[in-house]
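Take a look at the structure set out below.
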Amino acid sequence: ARLVVLVSGAGSNLAALLAAHDVPAYGARVVGVVSDRPGIRGLELAQDAGIPTAVVSLKEFPDRAAWDEALTEAVAVFSPDYVVAAGFMKLVGAPFHARFGGRMLNTHPALLPSFPGAHGVRDALAYGVKVSGCSVIVVDEGVDSGPIVAQVPVVVEDADDEASLHERIKVAERALLVDVVGRVAREGLVVEGRRARIGR
Ligand code: GRF
């Protein structure tokens, strides 16, 4: 299966996918990496791996709708079977959903539906939960509200701050994302209402 990965930052999830995709049996290949900002580590990782990249910055477009169209087009040129948002910090709009709906996965550093949004780790810690974790979901029109494909728990330690908890969550997150993306690529993805499952 052909994958396009969307990134906005460090790209450690992308790095994990790039490490996995070299093995043919993995069943998925990253064929393009698209970012909403230039100069980030995620783009460098892609370039070092010889993967084509594209940058679609919101500030270069007159409005959000024009950016949405451009982002959709930038991803579509790679003809992906699946799109994986791996630390992509923007919501995609209607044209993107029309084109890639039901075949776009996102990873989130909390156990959804708790603590959606940009600060899932901080919010879980502030709430005082003793277990958090990570979720891979199918992207829908809402904020981290799509059907859940898989989750892994991570225990919160008394001494944790946001950085230490996020670091442990990211270890679990990378493993989960690599596992789920490979299985989805090999076995397919079925979404029935709120329920998502790997298979045909
Ligand atoms: C991940 O925890 C992702 O879920 C999030 O931000 C982090 C991105 O990490 N929202 P990276 O860019 O893949 O290293």
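Can you confirm whether A20 is buried (at least 18 other Cβ atoms within 10 Å of the Cβ), within 15 Å of the ligand (Cβ to nearest atom) and modelled with pLDDT of 95 or more?
yes
Return yes or no: is V184 more than 22 Å from A10 (Cα to Cα), of a type in the set (V, I, T) and in contact with a Pro (Cβ under 9 Å, 6 or more places away or on another chain)?
When the stated conditions are applied, V184 does not pass them.
Output the residues belonging to the stretch 23-41 that are more than 14 Å from the ligand (Cβ to nearest atom) and part of a strand (DSSP E or B).
Across the stretch 23-41, the qualifying residues are R29, V31, G32.
Answer yes or no as to whether P80 is within 15 Å of the ligand (Cβ to nearest atom), surrounded by 17 or more Cβ atoms within 10 Å (Cβ to Cβ) and either at pLDDT below 95 or within 25 Å of V56 (Cα to Cα) (or both).
Taking the combined requirement at face value, the residue does not satisfy it.
From the set of residues in the stretch 20-34 that are among the hydrophobic types (A, V, I, L, M, F, W, C) and free of Cβ contacts under 8 Å to residues at least 24 places away in the same chain, which is farthest from T53 (Cα to Cα)?
A25
Being away from the ligand (no atom under 16 Å from the Cβ) and of a type outside the set (A, V, I, L, M) narrows it down to one of K59, K90, so name that one. Step through it out loud before you land on a result.
Details: K90 fails: away from the ligand (no atom under 16 Å from the Cβ).
After applying the criteria, what remains is K59.
Residue under question is A126, and the condition is that it be loosely packed, with under 12 Cβ neighbours inside 10 Å, of a type in the set (A, V, I, L, M, F, W, C) and closer than 23 Å to I40 by Cα; does it hold?
Answer is no for this residue.
Could you tell me whether L111 is buried (at least 19 other Cβ atoms within 10 Å of the Cβ), aliphatic (A, V, I, L, M) and in a helix (DSSP H, G or I)?
no
The values are calculated or read from the model by the stated rules, or taken from the named source; none is laboratory data. This is a predicted model, so every value here is computed, not measured. Neighbour counts are summed over all protein chains in view; Cβ atoms, including those assigned to glycine, are modelled from backbone coordinates with ideal geometry.
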